[in-house]
1. Filter the trypsin sites (Lys or Arg not before Pro) in the chain to those in DSSP coil with at most 13 other Cβ atoms within 10 Å of their Cβ, and list the result.
2. Calculate one ³J(HN,Hα) per residue across the stretch 4-12 by plugging θ = phi - 60° into the Karplus curve 6.51 cos²θ - 1.76 cosθ + 1.60, and present them in order as whole Hz with x for glycine and proline.
3. Check which residues have an amide H placed less than 5 Å from Phe33's amide H, if you skip close sequence neighbours.
4. Treating the beta-carbon of each Lys and Arg as +1 and of each Asp and Glu as -1, no other charges, what is the dipole magnitude of the stretch 2-60 about its Cα centre, to the nearest 20 debye?
5. What list of ³J(HN,Hα) couplings, whole Hz, do you get for the stretch 28-33 from phi and the Karplus terms 6.51, -1.76, 1.60, once you set θ to phi - 60° and write x for glycine and proline?
6. Quote to one decimal, in nm, the extra length available between Glu53 and Asp41 on full extension: 0.36 nm per residue of separation minus the C-alpha distance between them.
7. Mind checking which of Ile7, Asn29, Ala50 is farthest towards the positive end of the chain's charge dipole, using Cβ charges of +1 (Lys, Arg) and -1 (Asp, Glu) about the Cα centre?
8. What does the helix-only formula give at 222 nm for the chain: each DSSP H stretch with n ≥ 4 adding -39500 (n - 2.57), the total divided by the residues, and the result rounded to the nearest 500 deg cm²/dmol?
Amino acid sequence: MLAAELIHETRKEEGCISYELFQDIEHYNICTFIEAWEDRDALGRHMKSAHYERIVPQMAQMKEKPSEINVYRLVL
């Protein structure tokens, strides 16, 4: 499974605090990655990693709708 490989490799990356995939309990085809990174630089390195650049385009071919990427900062 592509997602399992992406998660396994990403969790090894410097700056990765957590990287998890969640599935909607009512709509099995809706999945969301929730990630925490030390900083934006670590996230940027992740998005340029060999495994990300290889796996994410393959996963994109399976999507029903366009992806949405949101970057948040911790408030409290």
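1. Within the chain, the qualifying trypsin sites (Lys or Arg not before Pro) (loop, at most 13 other Cβ atoms within 10 Å) are Arg11, Lys12, Lys48, Lys63, Arg73.
2. Going residue by residue, I get 4, 5, 4, 5, 4, 5, 5, 4, 7 Hz, with x marking Gly and Pro.
3. Under 5 Å from the amide H of Phe33: Phe22.
4. Numbers: 6 positive and 12 negative charges, 43 e Å.
The calculation lands at about 200 debye.
5. These are the phi-based 3J(HN,Hα) values: 4, 8, 9, 10, 9, 8 Hz.
6. Difference between extended and current length: 2.7 nm.
7. Ala50
8. Values: 3 runs with 28 residues, N = 76.
It lands at -10500 deg cm²/dmol.
FYI, it's all coordinate maths here, none of it is from the lab. All of these numbers come straight from a predicted model, not from anything done at the bench. Don't worry about glycine lacking a Cβ; one is built from the backbone with ideal geometry, like all the others, and counts go over all protein chains shown.
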